[in-house]
Every structure is written in structure tokens, then in C-alpha cells.
Amino acid sequence: MTRIAFIGLGNMGGPMAANLVKAGHAVIGYDLSHDMLKAAEATGVKPANVLTEALAEAEVVVTMLPKGQHVLTVWTDILRSVPKGTLLIDSSTIDVDSARKAHVMAGEVGCLSLDAPVSGGTGGASAGTLTFMAGGSPESFAAAKPLLEVMGRKIVHCGDAGAGQAAKICNNMILGISMIGVCEAFVLGEKLGLSHQALFDVASTSSGQCWSINTYCPVPGPVPTSPANNDYKPGFSAALMLKDLRLSQEAALSSGASTPLGAEAAQLYALFEKLGNGGRDFSAIIEMFREAG
Ligand code: NAD
């Protein structure tokens, strides 16, 4: 049994904390939102009224927050309160530079740290089947692994500080680009009189195959579980896809990488969001291409 402080009990953090409780750990949670705190309490998480109350006896602190600025602010407060040797795990999706800064801050006061963003969405968070991409020292990874295994199914140590965030945004840049490619192909197929099923049967077993068509097909029919069959309810929202594409472009700029298709994908998702679609599944972008034709 480990004493864990869990900070950020939103759509992802709530169910992740609940799984730690189910596995027998003592979890104290803190969130700015009273509603989220109440919901977490119902799953066995002990609610804290202020951050320091959650940290009082914590051996491990997990953060699951919106953006880099939130993580740096909260980690600054955490690192003022916890003793040397405490392990801090950040599972938020944030920019690589902030993640690296957070590791430096932790190292300066003798704490262990891991960036460990996730893939798998709210469904994976509830089911405990997330994929964790971790960055940090072998010592931090070894200490965190048993807890990550409670919340996830696949745990990958990607390298040193920031490597987890780097893997996450590279993966999601592939996803954003490939989804746009698949959507364009279905729209072109429609114009050419090709049925959705025929294109799916060919492309999903040929060189066009990828997750965006085989598992998450953006038209209803061929893959019954894809959001296209459910009025494009997310799934993975277009707003979150845009967030990750923007993170990839910030990282491309600061590292000097050339990512022209990533840049184009970010612009297309920005337009899609501006048209009022941020809350829909990211595969609904097919409608924007259909309407533009
Ligand atoms: P969310 O907005 O539902 O939850 C974030 C929570 O953090 C909120 O409850 C908010 O009140 C709390 N919070 C903000 N600032 C705080 C502070 N200073 N102290 C305490 N609590 C604070 O977001 P989410 O969907 O749970 O996502 C969390 C992170 O996980 C994001 O970085 C997101 O990009 C990433 N992510 C989300 C998904 C998904 O499908 N939702 C999938 C993978 C990764």
C-alpha cells in the first residue's frame, strides 16, 4: 500500500485515482473543482480541502492537469511541501520544455520525477488500460512502474526527462495527419462513386491501412465501434487533437524539426474548431472536407 496524493481529478484523473484506490492504495485527492472532488470521494478517494493537506503524508504525488503552466505552478507548490525522495509523476499532456523544467525543479530539491502522459482516453482511464509513455531516470521509472501498471496496460520507458511527452506528441501528430488523409480519401471516393465499404475493404488490408481507418474509420458502417456511428460523440475531441498538434508544432519550432504536414494538420483542426466543432470527435473533420467540395 502506497500513500498517494492525486492532484487534478477531472475526466482522466478521476477514474485513474479510483483505480489506485481499487488496488488498495491510500489516495488523497485535490482539485480546484468542488464537483470533481465530490465525484472522486464517491470512488473512495479521500478529499483534501487544500493542496498541502493532500501532500501531508504522500510518498508519491500524481498530477493530471490541463497544461504546462498548471503543472509548473502546482509542482512549485508541491516541491515546497514534500520531503526529499518523494516521487512526482505528471501524466498530463504538456509541452516538452515545461516537462523538462519540471524535472529540473524536482531534481534541485532531491525528489524523483517522471513525465508519464497517457493514451487511451477516458474509456482507458476507467478500465485501467491506458498506455503510459514515460520519461525520467531509471530509478524514477522503476519506482513509478507498479503504480502505472494499476492504471494502464502498456508502460513504455521512452528515455530521459521529457521523452514521454515527446513520444506522445509525435504519436498524436501521426494520428492527426493520418486521420486527415483517410478523411480526404473517403471524400474523394464518394465523388468517384466508390462505396465506403469497398474503399474500407481495400485500404484497410492494403498499404493505406492505419489506425485511423482500421480501428477508427471516419464514416459510419465499416467499423461499428467508431464515433462516426455515434454522431461523432468523442472518443477523442477535436479540441484535444488541436491541443496536441499545437504542442507538436511548438516542439518542432524549438527543436528545429521540419514538420510541414503537422503544421497543415494543426491549421485544419484550428479551422474545424473555429467552426464550432471542438467538442466533437476529431474524425468528424471529414464533414469539413465534404462541405468544401
Ligand atoms: P479535465 O479538464 O477534465 O481535468 C483537469 C482537472 O484539473 C480539472 O478537474 C481542474 O479543475 C483541475 N485543475 C486545474 N488546475 C488545478 C490546480 N491548480 N489544482 C488542482 N486541480 C486543478 O481534463 P482531462 O480530460 O482529465 O485531461 C487532463 C490531461 O490529460 C490533459 O493534459 C489532457 O490533454 C490529457 N489527456 C486527456 C485525454 C482525454 O481523453 N480526456 C486523453 C489523454 C490525455
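Do the conditions hold for Gly14, that is, is it over 21 Å from Gly135 (Cα atoms), near the ligand (Cβ under 9 Å from one of its atoms) and in contact with an Asp or Glu (Cβ under 9 Å, 6 or more places away or on another chain)?
Values: over 21 Å from Gly135 (Cα atoms): yes; near the ligand (Cβ under 9 Å from one of its atoms): yes; in contact with an Asp or Glu (Cβ under 9 Å, 6 or more places away or on another chain): yes.
Yes: the conditions hold for Gly14.
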How many residues are among the β-branched types (Val, Ile, Thr) and touching a Lys or Arg at 6+ places or on another chain (Cβ under 9 Å) when one looks only at the range 22-51? 3
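Residue-wise test of (1) in contact (Cβ under 8 Å) with a residue 60 or more places away in the chain; (2) surrounded by 20 or more Cβ atoms within 10 Å (Cβ to Cβ).
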{"residue": "Asp231", "(1), (2)": "no, no"}
{"residue": "Met241", "(1), (2)": "yes, yes"}
{"residue": "Gln249", "(1), (2)": "no, no"}
{"residue": "Ala257", "(1), (2)": "no, no"}
{"residue": "Leu261", "(1), (2)": "yes, no"}
Quick one: what pairs do we get from the range 189-200, first residue touching a residue at least 60 places away in the same chain (Cβ under 8 Å), second exposed (fewer than 11 other Cβ atoms within 10 Å of the Cβ) and of a type outside the set (Ser, Thr, Tyr), C-beta under 9 Å, 6+ apart or different chains? Glu190/Gly293; Lys191/Gly293
If we keep just the residues of the range 115-126 that are more than 13 Å from Leu148 (Cβ to Cβ) and more than 8 Å from the ligand (Cβ to nearest atom), which is surrounded by the fewest Cβ atoms within 10 Å (Cβ to Cβ)? Gly123
Could you grab me the full set of residues in the range 40-63 that are under 19 Å from Ser91 (Cβ atoms), within 13 Å of the ligand (Cβ to nearest atom) and surrounded by fewer than 19 Cβ atoms within 10 Å (Cβ to Cβ)? Leu51
Do any helices (runs of 4 or more DSSP H) lying entirely in the range 127-246 carry at least 3 residues that are aliphatic (A, V, I, L, M) and within 15 Å of the ligand (Cβ to nearest atom), and which ones are they? 163-191
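Readers should treat all values here as calculations from the given coordinates under stated rules, not as data from a laboratory. Here the structure is a predicted model, which is why all the values come from computation and not from measurement. Glycine also receives a Cβ, built like all others from the backbone with ideal geometry; neighbour counts cover every protein chain displayed.
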